[in-house]
Amino acid sequence: MVLGIVGFANIATADNYADKMFEVKTHDFRTVGRGTKCEYHFDFTNIYNEEVHVAAVRTSCGCTTPTLSADTLKTHEKASVVATFNTSTFIGQKAATITVVFDRPKYAEVQLKVSGFIRTDITFDPPEVAFGEVPSGEEREREVMITHNGNTDWEILDVRSHCSDLRVRLEPAERTSGQVRYRMAVRMNGDMSEGDIRERLTLISNDRSFPTTEMAISGRVRPTVSISPEAVSLGTTTAEGSAEKKLIVRGDEPFEISDVECADERFQFEVPVGSKKLHMVKLVYTGDGSTEPISQEIRIVTSLSGGKSATCIVTGTVSP
């Protein structure tokens, strides 16, 4: 697969080059409980030939704290601006603008907007459903205590999720003077997709003023097989030049490499034989006279059940 990359020189006068790297620039946390963990990842990808650098991130309101997963991205590398809604120290309707400042390859700013309502009468213990790191295909369950203060007639009517791989079980309500408590179990089934889990549950209640309340679900399904690095840079080579890199392929159990898929005939691979948990694959690039930028997806297919595979992206520039 040939992947699109943009030569920055072609858009050097465009003010919105940084905007184009972001998939989403606004997020509504909706209604959340006091002390609930609330994070949103504003993902962005370097779609340019040049290296991109984030110089700073700042927020217009203390209700939201922004952090960066990485500040320097090569071509096709990904990162996130993580917006954390400070539900322990703020209440009521809140909103913030996060400004992301880029200084390479050219100065630019991107504004991200978050909002939400923090209610004080509902708490969750623990503050999120955190599955942690889970091997692919494994099920896991977590319990949460939901507490509502102030109205003993409060009732959870339903719990909804956009993810079909999650199941929820509610125990009968425990009602005491001025308080209602529910014990909730959340189960993740073995079909959950590999990678980061960023889901949420919506509690539907009989509260007419605030009929819905959100709760975060986090975790990571560890891939059965992975390639390191995921983004490979060949740097700059000549039209007739060559370059070599090594790819480390890991698995949870011993496997053989059954195929390496690459549409670009300029790439050749030295594949080790035998079954083991770690393989070293040698990648060799040899120029054919073309000066087109290098942008190629490499897929390594294994002997694991279902032909499990992993991909990496190889990029580079070619000089005459």
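Here the condition is being in contact with a Pro (Cβ under 8 Å, 6 or more places away or on another chain) and over 16 Å from LEU203 (Cβ atoms); of SER115, SER136, SER88, it holds for SER136 alone. Of the numbered criteria (1) modelled with pLDDT of 80 or more; (2) surrounded by 15 or more Cβ atoms within 10 Å (Cβ to Cβ), the one ILE5 fails is (1).
Across the range 43-101, what is the number of residues that are in a strand (DSSP E or B) and charged (D, E, K, R)? Qualifying residue count for the region: 4. Restricting PRO135, PRO229 to those that are assigned by TED's automatic domain parsing to the domain that holds GLY251 and either of a type in the set (D, E, K, R) or under 18 Å from the mean Cα position of the chain (by Cα) (or both) reduces the list to PRO229. Within the range 143-162, the only residue that satisfies the criterion of being more than 20 Å from ARG34 (Cα to Cα) and crowded, with 16+ Cβ neighbours inside 10 Å is SER161. ASP207 passes every criterion in (1) assigned by TED's automatic domain parsing to the domain that holds VAL144; (2) assigned to a strand (DSSP E or B); (3) surrounded by 14 or more Cβ atoms within 10 Å (Cβ to Cβ) apart from (2). Residues in the range 290-320 that are over 16 Å from LEU234 (Cα atoms) and either outside any loop (DSSP other than H, G, I, E, B) or modelled with pLDDT of 90 or more (or both): ARG299, ILE300, VAL301, THR302, SER303, LEU304, LYS308, SER309, ALA310, THR311.
Condition check ((1) under 26 Å from the mean Cα position of the chain (by Cα); (2) under 15 Å from SER228 (Cα atoms)) across all residues:
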| position | (1), (2) |
| --- | --- |
| ARG266 | no, no |
| PHE269 | no, no |
| MET280 | no, yes |
| GLY289 | no, no |
| ILE294 | yes, no |
| VAL301 | yes, yes |
| ALA310 | yes, yes |
| THR315 | yes, yes |
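Residue under question is VAL168, and the condition is that it be in a strand (DSSP E or B) and assigned by TED's automatic domain parsing to the domain that holds GLN296; does it hold?
Considered against the rule, which asks whether it is in a strand (DSSP E or B) and assigned by TED's automatic domain parsing to the domain that holds GLN296, VAL168 comes out as no.
In this entry, ALA239 is excluded by the filter for residues that are aliphatic (A, V, I, L, M), surrounded by fewer than 13 Cβ atoms within 10 Å (Cβ to Cβ) and touching a residue at least 60 places away in the same chain (Cβ under 8 Å).
The values are calculated or read from the model by the stated rules, or taken from the named source; none is laboratory data. These numbers were taken from a predicted model, which means no experiment stands behind them. Note that each Cβ is placed from the backbone with ideal geometry, even for glycine, and that neighbours are counted across all protein chains shown.
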